[in-house]
Amino acid sequence: MRKIQTIKKVFKNGFTTQIVLRPGFKEHFFAIGVNFGSADPQIPGTAHFLEHQLFNKDTGNIGKEFTKIQAFNNAYTTFDRTVFYARGNKNTKRIIDLLFQVVSQPYFSLNSIEKERAIIQEEAAMYLNQPLVNLNNALMSELFNNNLGIDIVGNKKDIASISADSLKESYQNFYTSGNMEFIAVGDFSDYAIKQIEHLTKEYSKMLSPKKYSKNKPKIEVGKLSNRKLSLDLATSGFSLGLLLPDFKKMLYQGEIAEFLLNIMIESKIGELSSYMQEAINNGDLNNPLSVEITTTGYGNFAIISGFSANYQKVVSDITKLLKKPIKSLNQAKAQFDLLLKSGLGNEIRSYDSLEALANQFLAFSLKGEDYLDFVRQAGQVKFNDYANFVDEVIDKSKMCYIIADNDARMI
């Protein structure tokens with residue numbers, strides 16, 4: 001397995017800098033991650049709105065400054081983090097300077113906020129017009145009765161209610177030195193490494209040193225009702241949700257638990273599974289299923305969705321198969337060995353993408369985990385431990401589903 005060399009510094013103000021060395025790469029990738037996402041306490045959509053708003057400065061959108069030095073920049077918000085990033089093959093000092101300007105110099109003029117609100121409303125309207133998004137959002141609201149059950153962008157009413165004061169409050173609470181991390185990935189000389197460490201240490205002083213510790217996340221379970229929606233669909237669709245248990249007292253936690261659950265679902269209903277081949281041959285499914293597994297402090301869940309005219313049969317078949325013990329499957333150990341090797345191979349291949357590698361390091365680090373430890377530990381998982389773990393997870397999980405066609409009866 002290829003080795004990755006990393007350098008990590010935690011400064012007195014709590015700010016963390018990581019440098020991941022990838023010799024031979026011409027481009028450099030830089031990012032600042034904030035331990036603040038849409039599931040945290042806020043008016044729904046505030047984390048995403050703030051991500052947009054921070055690019056606005058009194059001189060205009062700072063994005064044009066990245067363009068001047070031929071650097072690409074962007075940002076994204078998830079349930080549990082916000083990440084601002086840039087990549088380029090030169091002007092390291094300037095790129096780092098600009099990234100810190102984005103996160104450390106907020107500008108909350110009413111005019112700029114209203115302009116951004118209009119952009120976000122338009123973005124949300126386009127995004128929420130997708131049938132599968134509506135299905136999954138309806139499902140999430142049944143799984144959770146907190147912000148985790150609401151789309152990351154928020155709905156139209158939420159976006160309209162976000163104000164300068166609410167943006168400032170979230171910024172002051174979460175954009176603090178101890179709640180943020182910087183990462184640089186690429187081929188850096190010893191001089192460049194020292195420069196990055198010095199710059200990030202100095203620039204992090206522009207952030208509030210306020211020590212904000214999140215309250216212990218409260219998991220609020222939704223009604224877990226099965227529902228039928230009326231959507232404009234060419235083919236009827238469904239989303240099956242699994243409210244996964246808290247992994248803290250189980251054999252595996254965090255990202256490795258998520259990784260093993262992916263293997264389990266792939267072995268039972270994945271593209272190469274016997275179920276999938278049979279479902280396609282029978283005309284129950286035309287395309288592979290979409291699977292999303294997510295672990296957060298506010299709850300863990302899995303969503304399995306797809307399109308089928310025989311949606312009720314498909315949902316019933318999948319539910320029964322998920323509940324079937326792993327060891328009862330044909331060639332269960334051989335499947336596990338194959339999928340484990342394939343999954344680890346995908347992780348190792350991501351080493352060749354600076355962006356993918358940086359995002360993995362940040363995602364793990366902001367959760368208090370180590371990405372390279374995860375890769376090592378995943379490779380050491382034994383079949384019996386895996387089988388016992390995923391069977392226990394499914395046994396402790398609760399399920400509900402949303403189906404959609406042109407008939408809106410409740411079921």
Give Val375, Val381, Val291 a once-over and let me know the one that is in contact (Cβ under 8 Å) with a residue 24 or more places away in the chain, under 30 Å from Gly33 (Cα atoms), in a loop (DSSP other than H, G, I, E, B) and not basic (Lys, Arg). Val381
Among the residues of region 251-271, count how many are among the charged types (D, E, K, R) and over 18 Å from the mean Cα position of the chain (by Cα). 3
Condition (residue is touching a strand residue (DSSP E or B) at 6+ places or on another chain (Cβ under 6 Å) and under 30 Å from Ile304 (Cβ atoms)) applied to region 145-166: is it met by at least one residue? yes
In the set Arg87, Arg117, Arg94, which member is touching a Leu at 6+ places or on another chain (Cβ under 8 Å) and assigned by TED's automatic domain parsing to the domain that holds Ile193? Arg87
Matching residues in region 208-230 - criterion: being under 29 Å from Val393 (Cβ atoms), basic (Lys, Arg) and either modelled with pLDDT under 70 or loosely packed, with under 14 Cβ neighbours inside 10 Å (or both): Lys214, Lys216, Lys218, Lys223
Going through region 143-176 in order, the residues found to be more than 22 Å from Asn56 (Cβ to Cβ) and of a type outside the set (A, V, I, L, M, F, W, C) are Asn145, Asn146, Asn147, Gly149, Asp151, Asn155, Lys157
Name the pairs: first residue in region 185-200 and in the same structural domain as Leu99 (by TED's automatic domain parsing) and in a helix (DSSP H, G or I), second residue at pLDDT 95 or above and of a type in the set (Lys, Arg), Cβ to Cβ under 6 Å, at least 6 apart or on different chains? Glu197/Lys9
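One line per residue, one yes/no per condition, for (1) modelled with pLDDT of 95 or more; (2) buried (at least 17 other Cβ atoms within 10 Å of the Cβ); (3) outside the structural domain of Ser397 (by TED's automatic domain parsing); (4) not in a loop (DSSP other than H, G, I, E, B):
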position	(1), (2), (3), (4)
Asp232	no, no, no, no
Thr235	no, no, no, no
Gly241	yes, yes, no, yes
Lys248	no, no, no, no
Met264	yes, yes, no, yes
Leu272	no, no, no, no
Ile280	no, no, no, yes
Leu285	no, yes, no, no
Among helices (runs of 4 or more DSSP H) entirely inside region 12-130, those with 2 or more residues being crowded, with 21+ Cβ neighbours inside 10 Å and not β-branched (Val, Ile, Thr) are 46-53, 92-104
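The values are calculated or read from the model by the stated rules, or taken from the named source; none is laboratory data. All of these numbers come straight from a predicted model, not from anything done at the bench. Neighbour counts are summed over all protein chains in view; Cβ atoms, including those assigned to glycine, are modelled from backbone coordinates with ideal geometry.
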